[in-house]
Each structure stands twice: as structure tokens, then as C-alpha cells.
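Worksheet for the structure shown next.
The values are calculated or read from the model by the stated rules, or taken from the named source; none is laboratory data. Small disclaimer: the values here were computed from a predicted structure and weren't measured. With ideal geometry, Cβ positions are generated from the backbone for all residues, glycine too; neighbour counts draw on all protein chains shown.
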């Protein structure tokens, strides 16, 4: 928590960016895999794929989900727009988003059911704000997931190092 909501949001973004910067350790890990003969090839491949997929999907998956439903229709041109795939793509995307929404609703419901009873010092609006966090999940995945990770990985690519940055902290009174 910072002094206000705006500073807290900036701090959260910078913290996510710092964690995403961890992709810089991947080459060191892979080099270690090449030198260590005690680890089986299957384990090396598994962990290599897991790390690369984790950092790649962190920075791109929410953006891909957001854009891929309609992007082919815009960029596909006239021939694509009269194809069977063009006709079925919005329906397929709609079905996938419905399944994802059902999963998100189940997650939100379970989250609220597993919480301990609300302390008396908090109003019922606190529960409403917790539900609102789930409603805003698609936006927060992009704003606090994809953008900071892309920022960190792009800075790394262009050798614009982050340096040290201590997170601002304050206590609620």
C-alpha cells in the first residue's frame, strides 16, 4: 500500500515489471542444463519449456485472448471475410469466452464462500468490492500482467536495465 490508490497502482505495476524481469535468468539456467549431465534430457526439456512458456504467456496470453477473436476479421481481407472460418470464428470465440466466464464465476463464488466471516468493522460494501475485483479480472490481467511483462522484456531486449527500485510502503492508520 502506498499513500493513495494511484501510487499503489503504480507500485503494483513496477513490482510486476520487476518480477517479469526474471526472464533474464533463463539463459543462465539453460547454460547450466548444458553443463549438468546428472539431469535427464526429458527433465531439461520439460523445465526449459515450462520457463519459456511461463514468461511468454505472462506477457502475451491475455492480449491474445483479447484480440484474437476479432483481429482475423479485420486483417483477413475480403477473401477471408467470406470464408467458412470467418463465419464461425465469432461463434467459436463466443463459446470459448462463455466457458472462461463460467470458470471465472465458479472461482469468484468459491473464493467468497471460503472467506472467513466479515469482521464487524467492515461494511457490506467490502464484500461488493471483492466481487468487483473478479469482474475486473480481464482488465487487471492485461494492465498488471501483460503490460508490465512486455515492458520488462522489451527493456531487456533493448538493454534498458531497470536498476534498483524500493517499493514504497505505508501503514493504514
Just to be sure, is residue 93 free of Cβ contacts under 8 Å to residues at least 12 places away in the same chain and closer than 22 Å to residue 62 by Cα? no
Conditions (1) exposed (fewer than 15 other Cβ atoms within 10 Å of the Cβ); (2) over 23 Å from the mean Cα position of the chain (by Cα); (3) part of a helix (DSSP H, G or I) -> residue 26 fails only (2)
Would you mind telling me which numbered condition in (1) in contact (Cβ under 8 Å) with a residue 24 or more places away in the chain; (2) surrounded by 12 or more Cβ atoms within 10 Å (Cβ to Cβ); (3) over 14 Å from residue 145 (Cβ atoms) residue 15 fails? (3)
Looking across region 148-173 at residues that are surrounded by 13 or more Cβ atoms within 10 Å (Cβ to Cβ) and part of a loop (DSSP other than H, G, I, E, B), the single one that is farthest from the chain's Cα centre (by Cα) is 168
Assess whether residue 75 counts as being surrounded by fewer than 12 Cβ atoms within 10 Å (Cβ to Cβ), over 30 Å from residue 21 (Cβ atoms) and at pLDDT 90 or above. no
